[in-house]
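First the structure, in the form of structure tokens, and then the observations on it.
The values are calculated or read from the model by the stated rules, or taken from the named source; none is laboratory data. What you are looking at is a predicted structure, and each value in this text was computed from that prediction instead of being measured. Here the Cβ positions follow ideal geometry from the backbone for every residue, glycine too, while neighbour counts run over all protein chains shown.
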Amino acid sequence: MTVENAQPAGAQSSWAIEEELLAFFGPDALTFQVTRTAMPVVWVARERLEEVMQFLKGVRQPYVMLYDLHGVDERLRTHRDGLPDADFTVFYQLMSLERNSDIMVKVALSERDLVIPSIVRHYPNANWYEREVFDMFGIDFSGHPHMTRILMPSTWNGHPLRKDYPARATEFDPYSMTMEGQDQAQEALKFDPEAWGMKRRTDDADFMFLNLGPNHPSAHGAFRIVLQLDGEEILDCVPDIGYHHRGAEKMAERQSWHSFIPYTDRIDYTGGVMNNLPYVLAVEKLAGITVTPRAEFIRVMMAEMFRINSHLLFLGTFLQDLGAMSPVFYAFTDRQKAYEVIEAITGFRMHPAWYRIGGVAHDLPNGWDRLIRGFIDWMPARLDEYERAMMDNAIVRERTRDVAAYTSREAFEWGVTGPNLRATGVDFDLRKKRPYSGYEKFDFDVPLASNGDVFDRGMLRIEEMRQSLRIIRQCMEHMPAGAYKADHPLTTPPPREKMLQHIETLITHFLQVSWGPVLKPNESMQMIEATKGINSYYLTSDGSTMSYRTRIRTPSYPHLQQIPAVMRGGFVPDLIAHLGSIDFVMADVDR
């Protein structure tokens with residue numbers, strides 16, 4: 001194992017899986033790649049892919065979860081020394097909770113033969129990921145149950161994440177909508193049950209097909225789900241996403257490492273600086289930057305402030321979906337108090353874009369501790385009141401107990417992470433299992449439940465807010481002295497006081513802001529325990545001022561894919577309760 005592939009804290013002491021793969025498949029079948037992803041990265045031939053996946057899922061301490069699956073257009077990449085020839089690459093990131101480690105499997109493809117076997121039969125949640133790779137790159141997955149576009153309209157031309165596809169509106173021909181094109185687009189929106197293996201009727205009954213969304217308050221955004229109903233019973237359903245897709249990963253190819261930070265705020269737009277964290281940590285891995293203890297504490301404090309803020313929004317809208325109006329007003333009142341603290345420290349409310357490569361934008365202002373103390377003294381009693389008035393309510397319990405429940409095994413199959421996984425009893429929180437940004441220095445508990453139902457998913461987040469308050473209090477009481485940004489030439493921009501004193505720093509500032517830092521060719525990856533589950537950024541640098549490929553894996557995407565498996569045999573009111581309990585926003589799904 002090299003320093004480049006050093007593992008995260010809490011993981012096994014060696015890459016045992018590399019030795020197991022070599023023993024089973026032999027060295028001729030595998031090519032290992034050195035990266036800064038903190039996991040083994042292995043290339044395999046397309047013909048051996050399914051065999052490798054079957055081995056990894058069946059090995060001792062198995063890789064039970066397909067965490068991510070996507071592609072890379074390699075055709076313009078110049079630094080590929082020692083790697084298999086490839087025009088396109090499909091990569092698979094698998095997670096083993098028992099080993100507390102991941103593995104990335106890559107397959108090289110030729111532009112003349114963009115076909116690869118589907119792994120849906122091994123990992124059910126590969127379904128949407130494979131459809132997205134087909135949509136974005138034009139790579140076909142043989143054996144896939146329904147190989148259609150997922151983010152772009154079915155009438156779309158081209159594959160947006162290919163390098164030869166335009167990245168800016170000015171690079172497209174002028175757009176006009178003809179009546180013929182409008183009719184074609186409207187026709188494409190019609191739902192065809194037979195195409196999804198659904199029947200319209202049986203000998204005894206006709207089934208009803210109901211569109212929920214994309215403009216419905218219980219859909220929590222521009223999200224459509226088509227229900228096949230027998231009365232109120234849901235026989236099957238098809239989630240339809242993509243209405244909020246903005247091409248965030250494509251934008252990353254045209255922004256400097258620093259200037260992409262504000263775009264990350266808009267992924268989970270309720271998470272604020274929580275979205276900045278995995279991105280800047282991944283960039284810092286590429287650049288070899290170690291941030292100061294003070295910067296780590298500030299980042300943790302503000303991330304936990306946004307965790308509370310996001311969970312309050314969840315709690316209010318969750319209860320609103322169940323028919324209660326008062327909770328949303330109480331929750332928004334408390335969110336306002338959180339925003340007052342956030343705004344006083346960062347200067348902004350929802351989208352501060354405040355983290356920087358190497359630290360944060362500026363130091364804490366005078367009086368920050370008084371604001372923090374006022375908030376953490378206020379909130380505990382409010383959380384007790386939420387629990388008493390809402391979750392102890394008999395109607396809420398009747399609507400949520402044993403509703404839309406799933407097991408830990410089912411959560412693994414569908415890529416469920418975060419509170420929704422811990423509600424099934426799985427003790428897995430990255431802040432404890434793979435500490436990052438100094439979380440190992442804080443004392444807090446990981447709330448768990450056991451039933452994996454709507455009630456547990458709601459209750460768990462109340463307890464998570466209590467733990468966040470514990471972390472914030474420790475940040476306030478033990479905030480280290482020192483600099484708020486690392487003294488490193490690739491941090492952007494350098495500290496202002498040094499810029500005004502040294503001409504070299506002034507020149508660096510000018511270059512970093514106008515051009516951006518140049519990062520050496522490599523790959524890095526950072527996962528964090530975000531508000532809605534595990535969020536990660538997988539970055540590829542080709543020795544430029546911009547990312548060659550930015551992969552954003554969000555928790556809400558697999559959580560929505562799981563809906564049909566959970567809701568078959570349930571009822572429409574149960575679906576509304578389940579949608580509220582997932583805690584998703586469509587920007588986090590569509591990117």
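I need the full set of residues from the stretch 389-406 which are β-branched (Val, Ile, Thr) and over 16 Å from LEU579 (Cα atoms), in order please. Steps first, answer last, please.
Just the residues of the stretch 389-406 that are β-branched (Val, Ile, Thr), to begin with: 395-396, 400, 403.
If the condition is that a residue be β-branched (Val, Ile, Thr) and over 16 Å from LEU579 (Cα atoms), then ILE395 is the only one that fits.
For SER524, state whether it is in contact with an Asp or Glu (Cβ under 7 Å, 6 or more places away or on another chain) and either crowded, with 22+ Cβ neighbours inside 10 Å or in a helix (DSSP H, G or I) (or both). Lay out the reasoning, then the answer.
Details: in contact with an Asp or Glu (Cβ under 7 Å, 6 or more places away or on another chain): no; either crowded, with 22+ Cβ neighbours inside 10 Å or in a helix (DSSP H, G or I) (or both): yes.
No.
Here are some conditions: (1) of a type in the set (A, V, I, L, M, F, W, C); (2) at pLDDT below 90; (3) under 20 Å from the mean Cα position of the chain (by Cα); (4) assigned by TED's automatic domain parsing to the domain that holds GLU343. ALA303 meets all but one. Which one does it not meet?
Just one mismatch for ALA303, condition (2).
Looking at the stretch 321-348, which of its residues are out of contact with any Leu (no Cβ under 9 Å at 6 or more places or on another chain) and either of a type in the set (Gly, Ala, Ser) or at pLDDT below 85 (or both)?
Selection gives LEU322, GLY323, ALA324, GLY347.
Only residues that are loosely packed, with under 15 Cβ neighbours inside 10 Å and either within 28 Å of the chain's Cα centre (by Cα) or not in a loop (DSSP other than H, G, I, E, B) (or both): list them for the stretch 473-485, please.
Passing the criteria: only GLU477.
Out of ARG461, ARG466, ARG434, ARG473, which single residue is out of contact with any helix residue (DSSP H, G or I) (no Cβ under 9 Å at 6 or more places or on another chain) and of a type outside the set (A, V, I, L, M)? Lay out the reasoning, then the answer.
Details: ARG461 fails: out of contact with any helix residue (DSSP H, G or I) (no Cβ under 9 Å at 6 or more places or on another chain); ARG466 fails: out of contact with any helix residue (DSSP H, G or I) (no Cβ under 9 Å at 6 or more places or on another chain); ARG473 fails: out of contact with any helix residue (DSSP H, G or I) (no Cβ under 9 Å at 6 or more places or on another chain).
None of the other options fit; the residue is ARG434.
Would you check if SER524 is of a type in the set (Gly, Ala, Ser) and more than 18 Å from TYR279 (Cβ to Cβ)?
On the way: of a type in the set (Gly, Ala, Ser): yes; more than 18 Å from TYR279 (Cβ to Cβ): no.
No.
Can you confirm whether the stretch 72-85 contains a residue that is within 15 Å of ARG549 (Cα to Cα), assigned to a strand (DSSP E or B) and not assigned by TED's automatic domain parsing to the domain that holds LEU539?
Initial filter on the stretch 72-85 (within 15 Å of ARG549 (Cα to Cα)): 72-80.
Narrowing the set further to residues that are assigned to a strand (DSSP E or B) leaves 72-73.
From what's left, not assigned by TED's automatic domain parsing to the domain that holds LEU539: 72-73.
Checked against the condition, which is being within 15 Å of ARG549 (Cα to Cα), assigned to a strand (DSSP E or B) and not assigned by TED's automatic domain parsing to the domain that holds LEU539, the stretch 72-85 yields at least one hit.
Take ASP583 and tell me if it is within 18 Å of the chain's Cα centre (by Cα) and at positive phi.
On the way: within 18 Å of the chain's Cα centre (by Cα): yes; at positive phi: yes.
Yes: the conditions hold for ASP583.
Give the residue, chosen from ARG48, ARG60, ARG36, that is over 30 Å from ARG431 (Cβ atoms), at pLDDT 90 or above and among the charged types (D, E, K, R).
Values: ARG60 fails: over 30 Å from ARG431 (Cβ atoms); ARG36 fails: over 30 Å from ARG431 (Cβ atoms).
Answer to the selection: ARG48.
Going by what's in this entry, would PRO160 be described as within 24 Å of GLY242 (Cα to Cα), under 22 Å from the mean Cα position of the chain (by Cα) and not assigned by TED's automatic domain parsing to the domain that holds ARG46?
The answer is yes for PRO160.
Taking the condition without any contact (Cβ under 8 Å) to a residue 40 or more places away in the chain and assigned to a helix (DSSP H, G or I), does ARG335 pass? Spell out how you get there, then give the answer.
Values: without any contact (Cβ under 8 Å) to a residue 40 or more places away in the chain: yes; assigned to a helix (DSSP H, G or I): yes.
For ARG335, the condition - without any contact (Cβ under 8 Å) to a residue 40 or more places away in the chain and assigned to a helix (DSSP H, G or I) - is met.
If LEU469 satisfies all but one of (1) farther than 30 Å from LYS106 by Cβ; (2) part of a loop (DSSP other than H, G, I, E, B), what's the number of the condition it fails?
So the condition that LEU469 fails would be (2).
Would you confirm whether any residue within the stretch 361-370 is under 14 Å from GLY272 (Cβ atoms) and under 23 Å from the mean Cα position of the chain (by Cα)?
First, the residues of the stretch 361-370 that are under 14 Å from GLY272 (Cβ atoms): 361.
Next, only the ones that are under 23 Å from the mean Cα position of the chain (by Cα) stay: none.
No, every residue in the stretch 361-370 fails to be under 14 Å from GLY272 (Cβ atoms) and under 23 Å from the mean Cα position of the chain (by Cα).
From the set of residues in the stretch 113-135 that are outside any loop (DSSP other than H, G, I, E, B) and in contact with an Asp or Glu (Cβ under 8 Å, 6 or more places away or on another chain), which is nearest to VAL64 (Cα to Cα)?
First, pick out the residues of the stretch 113-135 that are outside any loop (DSSP other than H, G, I, E, B): 113, 115-117, 126-135.
Okay, now just the ones that are also in contact with an Asp or Glu (Cβ under 8 Å, 6 or more places away or on another chain), so 115-117, 129, 134.
On the way: VAL115: 25, ILE116: 22, PRO117: 19, TYR129: 17, PHE134: 24 Å.
My answer is TYR129.
Among the residues of the stretch 269-319, which ones are under 30 Å from PHE332 (Cβ atoms) and of a type in the set (Asp, Glu)? Steps first, answer last, please.
The initial filter retains those residues of the stretch 269-319 that are under 30 Å from PHE332 (Cβ atoms), namely 269-280, 297-319.
Passing the criteria: only GLU304.
Given the condition hydroxyl-bearing (Ser, Thr, Tyr) and touching a residue at least 40 places away in the same chain (Cβ under 8 Å), answer yes or no: does some residue in the stretch 464-472 qualify? Let's see the steps before the verdict.
So the first thing to find is which residues in the stretch 464-472 are hydroxyl-bearing (Ser, Thr, Tyr), and the list is 468.
Subset that is touching a residue at least 40 places away in the same chain (Cβ under 8 Å): 468.
Yes: one or more hits.
Mind checking which residues of the stretch 486-507 are farther than 20 Å from ARG299 by Cβ, out of contact with any helix residue (DSSP H, G or I) (no Cβ under 8 Å at 6 or more places or on another chain) and not in a loop (DSSP other than H, G, I, E, B)?
Correct list: GLU497, ILE503, GLU504, ILE507.
Residue check, ALA381 against (1) aliphatic (A, V, I, L, M); (2) farther than 25 Å from ALA483 by Cβ; (3) touching a residue at least 12 places away in the same chain (Cβ under 8 Å), all met but one. Which one?
(3)
Before we move on, is VAL589 under 25 Å from the mean Cα position of the chain (by Cα) and either closer than 23 Å to ALA303 by Cα or outside the structural domain of LEU286 (by TED's automatic domain parsing) (or both)?
Against the criterion (under 25 Å from the mean Cα position of the chain (by Cα) and either closer than 23 Å to ALA303 by Cα or outside the structural domain of LEU286 (by TED's automatic domain parsing) (or both)), VAL589 qualifies.
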